[in-house]
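Colleague: There's a structure below that I have some questions on.
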Amino acid sequence: MNPLIEIRHLFFWYGNRLVLEDINLDINQGDFLAILGPNGSGKTTLLKCILGLLKPQKGEIRLFGILVEKFKEKWRLGYVPQRATALVDPVFPLSVEEVVGFGLIPKKRFPRFFTREDRKAIYQALKRVEMEKYLHHRLSNLSGGQQQRVFIARAIVSYPEILILDEPTTGIDAATQERFYDLLAELNQKGLTIVIVTHDIGIVNKHVKQVACLNRRLVYHGTHEEFCSSPRLQQIIGEHHLVIHRH
Ligand SMILES: Nc1ncnc2c1ncn2[C@@H]1O[C@H](COP(=O)(O)OP(=O)(O)OP(=O)(O)O)[C@@H](O)[C@H]1O
């Protein structure tokens, strides 16, 4: 089976500053990969390269076998950006339904307004994250954890095959985070491939299957079990200030 995401000899510079150096990484169907690394280690940049939002100066990325710059079926990837909840503007009265509906735009040609089918898809996505009763609520009136679920619904409304999340639980309390990761695990069990950037391996420790450690270079990539029993673990934890809880 071909990898869903193939990264080969990827280099990325901001100006003359090298941020990603010779990254090689395969992400396969069914993976639940955590990307760990200290602040400024290139995690968000790597995700943006995968999503085609940034163009690397060297190397290539293939999505479903197709070069990212030629890849048209954007809806096959769902994305929850970093600090999505912080972008919620209390003055701008968007409803939960409208926010989730934005996730359908890449799939739509015409009409651009929501059809009955679209409304059904929006409802179903909200149901998957147990937020359907908030359909007509204002997003800005929801708690951070509830907003986070709405952003997941937006990312999965087009039934993507890969869900990419960039530090999705920043500013969310521990109990809500726990439920949030249970939800991701459930989606992963149903076949969704998940790539998550996080600082706290402890929280995702129960669920992730693979771990990648990034510090400009990919310093580690392996299964979660290997990661936990690796002799390099202590060193990596030290370097990355990570917290590991065993479950
Ligand atoms: N638009 C930009 N222009 C110039 N430099 C940038 C830009 N975006 C990020 N950088 C720099 O590139 C490096 C990598 O940034 P990136 O956001 O990918 O790191 P990160 O691992 O996601 O960090 P964090 O954990 O803090 O979110 C950082 O040093 C950052 O300051």
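The values are calculated or read from the model by the stated rules, or taken from the named source; none is laboratory data. None of the values given here were measured: they were computed from a predicted structure. Glycine also receives a Cβ, built like all others from the backbone with ideal geometry; neighbour counts cover every protein chain displayed.
Colleague: Quick check on this structure: which one of Val195, Val100, Val150 is in a strand (DSSP E or B) and either under 26 Å from Cys49 (Cα atoms) or over 21 Å from the mean Cα position of the chain (by Cα) (or both)?
Modeller: Testing whether each residue is in a strand (DSSP E or B) and either under 26 Å from Cys49 (Cα atoms) or over 21 Å from the mean Cα position of the chain (by Cα) (or both) leaves just Val195.
Colleague: For the subset of the stretch 195-244 comprising residues that are loosely packed, with under 15 Cβ neighbours inside 10 Å and of a type in the set (Val, Ile, Thr), which member is modelled with the highest pLDDT?
Modeller: Checking each candidate, the answer is Thr223.
Colleague: Is the stretch 24-36 home to any residue that is within 15 Å of the ligand (Cβ to nearest atom), more than 17 Å from Val208 (Cβ to Cβ) and surrounded by 14 or more Cβ atoms within 10 Å (Cβ to Cβ)?
Modeller: Checked the stretch 24-36: no residue is within 15 Å of the ligand (Cβ to nearest atom), more than 17 Å from Val208 (Cβ to Cβ) and surrounded by 14 or more Cβ atoms within 10 Å (Cβ to Cβ).
Colleague: Test Lys72 against the stated conditions and say whether it is modelled with pLDDT under 95 and closer than 30 Å to Leu25 by Cα.
Modeller: When the stated conditions are applied, Lys72 passes them.
Colleague: Looking only at the stretch 156-171, which residues are within 16 Å of the ligand (Cβ to nearest atom) and touching a residue at least 60 places away in the same chain (Cβ under 8 Å)?
Modeller: Correct list: Ile164, Leu165, Asp166, Glu167, Pro168, Thr170, Gly171.
Colleague: Next question, about the same structure. Only one of (1) closer than 14 Å to Leu77 by Cβ; (2) within 16 Å of the ligand (Cβ to nearest atom) fails for Thr198. Which number is that?
Modeller: For Thr198, the failing item is (1).
Colleague: So, one more: So, of the residues in the stretch 172-189 that are of a type in the set (D, E, K, R) and not in a loop (DSSP other than H, G, I, E, B), which turns out to be farthest from the ligand (Cβ to nearest atom)?
Modeller: Per the stated criteria, the residue is Glu186.
Colleague: If you take the residues of the stretch 107-117 that are exposed (fewer than 15 other Cβ atoms within 10 Å of the Cβ) and under 21 Å from Leu135 (Cα atoms), which of them is modelled with the lowest pLDDT?
Modeller: Arg112
Colleague: Criterion first (touching a Gly at 6+ places or on another chain (Cβ under 6 Å) and either assigned to a loop (DSSP other than H, G, I, E, B) or of a type in the set (S, T, N, Q) (or both)) does Asn39 satisfy it?
Modeller: no
Residues are listed down the side, and each one gets a yes or a no for (1) more than 16 Å from the ligand (Cβ to nearest atom); (2) surrounded by 19 or more Cβ atoms within 10 Å (Cβ to Cβ); (3) modelled with pLDDT of 90 or more; (4) outside any loop (DSSP other than H, G, I, E, B):
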{"residue": "Glu21", "(1), (2), (3), (4)": "no, no, yes, yes"}
{"residue": "Cys49", "(1), (2), (3), (4)": "no, yes, yes, yes"}
{"residue": "Leu53", "(1), (2), (3), (4)": "no, no, yes, no"}
{"residue": "Arg62", "(1), (2), (3), (4)": "yes, no, yes, yes"}
{"residue": "Gln82", "(1), (2), (3), (4)": "no, no, no, no"}
{"residue": "Val91", "(1), (2), (3), (4)": "yes, no, no, no"}
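Colleague: Looking at this structure, is Phe64 among the hydrophobic types (A, V, I, L, M, F, W, C) and touching a residue at least 60 places away in the same chain (Cβ under 8 Å)?
Modeller: For Phe64, the condition - among the hydrophobic types (A, V, I, L, M, F, W, C) and touching a residue at least 60 places away in the same chain (Cβ under 8 Å) - is met.
Colleague: Now a separate question. Taking the stretch 5-19 on its own, how many of its residues are aliphatic (A, V, I, L, M) and away from the ligand (no atom under 16 Å from the Cβ)?
Modeller: Here the count works out to 1.
Colleague: Right, another one. Give the residue that is nearest to the ligand (Cβ to nearest atom), with candidates limited to residues of the stretch 209-227 that are over 20 Å from Arg8 (Cβ atoms) and outside any strand (DSSP E or B).
Modeller: Within the stretch 209-227, the match that is nearest to the ligand (Cβ to nearest atom) is Phe227.
Colleague: Among the numbered criteria (1) free of Cβ contacts under 8 Å to residues at least 24 places away in the same chain; (2) at positive phi, which one does His9 miss?
Modeller: Checking His9 against (1) free of Cβ contacts under 8 Å to residues at least 24 places away in the same chain; (2) at positive phi, the one that fails is (1).
Colleague: I'd like the full set of residues that are crowded, with 20+ Cβ neighbours inside 10 Å and part of a loop (DSSP other than H, G, I, E, B), limited to the stretch 153-166.
Modeller: Val157, Ser158, Pro160
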